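See structure below.
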Amino acid sequence: MSLANLAPGGAPAAWRWLIERVWRLEHAFERSRAAARPEDDTRIRIFFVMAIFGLAFTVLALGATWAAVFSKVGGNGYLASTDGARGDLVDRNGQLLAVDLTHYALYINPKDVWDAKATRKALAKALPQVPAKRLDQVVFADRRGFLVGGMTPAEKDAIFDLGLPGVEFEEQAARVYPLGASAAHFIGFVDKGGKGLSGAEKALDKPVRDAAAKGPDGAIPLSIDLRVQAALEDEVRKAAIEFQAKDAVGIVTNVHTGEILGLVSYPDYDPNQLNQASAEQMTNHAAASVYEMGSTFKAFTVAIGLDTGAATPASTFDAREPFKLGYRTIHDFHAARKILTLVEVFQHSSNIGTAMLAERIGGERLSRYFNALGLTRPAKVELLESARPLTPKKWDDDAVASTSFGHGINVSPLALAQAMGALLNGGTLPPLTIHKLPQGVRPEAPRAISEETSQQMLQIMRANVTGGSGKSANIPGLSVGGKTGTGEKYDPAIRGYNHQRQVSSFAAVFPTEGALEADRYFVLVLLDEPKGNAKTHGFSTGGWVSAPAAGRVIDRIAPFLGVRRQTDIFTVAAQQPKAAPEAGL
């Protein structure tokens, strides 16, 4: 066993230095004896015994001082947090997400090297990964120099045990992310000094630093569930690749607690290899990017219409002809050309019917409800990357028409998730959180809509999956509800909306059945500028590219969340070949 292992945990550098000197004296003693004449052996023995005893007494004195100081900070084996030290981050089930690991850097101090050629030869054999030129530069230099870093304790001990004078080690701490790119945008990363720069590492920088003093017992549990995260990452990545999306987002939340159970931003990066990550890869599109979401916003307009009494589920809207409101003449993507009930407006994703409803609501009430739903400010979440939305400067008829179906207003995916939660949890707006909340705790939150409206929205969103634009998200045995969304992107080059550049999404909820207070989850899959293919007949709208992916996510994560499959009246139909989405918007 290396003498270095005898030092108490957290011992200062001076302690380790003295132990190294004892070890090196022992090696020097053996070498001197081997080279000495017999008559000099006794004299050498006496000299080295005296030197070792002198160092031993120094070590004991230092040890007593260290023990006295150490005992004052408690018997848990950890000192107060030092600059750069951070506690562990774990998922809601205790799986490790981020951890500080000790590693070592090796330096050569030429003035202490006894035999440079022998030292170089020994290091070349022990460190084959170090180029020969680098070894020559450092070993034969005239000043202390860095040779190699990132050595594990075992690697360090192997070099130390060679007993090479002039070889020195510096202990360093490294922040390591065992999962690599998985959940990278949620977890975040730190700088070389251990300061959080993004994600949970930045949002919880002080608590994570403070947790270092508690050791493994101070690990901070986050809201994310790695099982959910893995399924979400897999399906979002596959959809993004299949449809050649510029970027993509996936989110799973608990609508009652606001806990973020899964968060994906594609493309991703490995926080262990930041030097290989581009700015695009490091951007958390779920929090820091804002989009015109398109028809997913119709869920808000319908909910507001119900809550204000501007409409009931049975109210009718004449969608046979285009509708003019303000400066806009509004058309439907796939015109139904008939009178539609409010539920049918939602199922057909009718822009005409939605704009008619928005006119009944009026700009003042629409903007007030959007504000109550958190859509006019950054998502309330600890992630500091949360972006501010782009909202209309004035709520005139033109703004009322466009925002009612998700144009003229840009929000982040997290802001959409928070607002959708209020439609689906009984009507309150809890903040999103990256913390794991205690079992059964549901934070108090301001009311955005009534419980009755929330119950109606669950039914309407379910109807859209069983008989509307969200059919491709229907999963046998799971009561899935949702709304498709396709927002055309504004293109400055043409000073208008570009029909070839779209943000295609699907906002889902499951299970829709059960009491309002029952466990319920929101799922969002968003693809930025996807491209249709033969399988989608060239379409790249939300119903074609995002809804199927959201359905697969739900199918995979339901068991992890304790959602049991039920046999309902739609199960048999869902097991039949799925019809193509009607409007797909």
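The values are calculated or read from the model by the stated rules, or taken from the named source; none is laboratory data. This structure is a prediction, so every number in the text was calculated from the model and none was measured. Glycine gets a Cβ as well: all are built from the backbone with ideal geometry, and neighbour counts include every protein chain shown.
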Open item on the list: Condition (residue is more than 13 Å from the chain's Cα centre (by Cα), within 30 Å of Gln500 (Cβ to Cβ) and not basic (Lys, Arg)) applied to the range 255-277: is it met by at least one residue?
Closed with: yes
Task: Which listed residue, of Pro216, Pro221, Pro207, is surrounded by fewer than 21 Cβ atoms within 10 Å (Cβ to Cβ) and within 30 Å of Ala515 (Cα to Cα) - done: Pro221
TODO: Look through the range 101-137, keep the residues that are part of a loop (DSSP other than H, G, I, E, B) and touching a Gly at 6+ places or on another chain (Cβ under 6 Å), and return whichever of them is nearest to Gln172 (Cα to Cα).
DONE: Asn109
Task: Test: residue in the range 332-341 that is within 38 Å of the chain's Cα centre (by Cα), at pLDDT below 95, under 17 Å from Ser402 (Cβ atoms) and not hydrophobic (A, V, I, L, M, F, W, C) - done: yes
Task: Residue, farthest from Ala448 (Cα to Cα), within the range 371-383, restricted to residues that are in contact with a Gly (Cβ under 9 Å, 6 or more places away or on another chain) and of a type outside the set (Val, Ile, Thr) - done: Leu383
- [ ] Sort out which residues of the range 502-552 are acidic (Asp, Glu) and closer than 29 Å to Leu429 by Cβ, and write them in order of number.
- [x] Glu513, Glu517, Asp519, Asp528
- [ ] Name the residue, out of Ala132, Ala85, Ala98, that is exposed (fewer than 12 other Cβ atoms within 10 Å of the Cβ) and either among the aliphatic types (A, V, I, L, M) or on the phi > 0 side of the Ramachandran plot (or both).
- [x] Ala132
- [ ] Out of Thr428, Thr433, report the one residue that is of a type in the set (S, T, N, Q), free of Cβ contacts under 8 Å to residues at least 40 places away in the same chain, under 21 Å from Ile260 (Cβ atoms) and not assigned by TED's automatic domain parsing to the domain that holds Gly94.
- [x] Thr428
Open item on the list: If a residue counts only when it is acidic (Asp, Glu), which helices (runs of 4 or more DSSP H) contained entirely in the range 218-313 have at least 1 such residues?
Closed with: 226-242, 279-282, 298-308
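Quick one: is Thr354 surrounded by 19 or more Cβ atoms within 10 Å (Cβ to Cβ) and within 17 Å of Glu488 (Cβ to Cβ)?
Here the answer is yes, as Thr354 does meet what is asked.
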Open item on the list: When the residues of the range 409-449 are narrowed to those that are part of a loop (DSSP other than H, G, I, E, B) and in contact with a Pro (Cβ under 6 Å, 6 or more places away or on another chain), which ends up modelled with the lowest pLDDT?
Closed with: Pro443
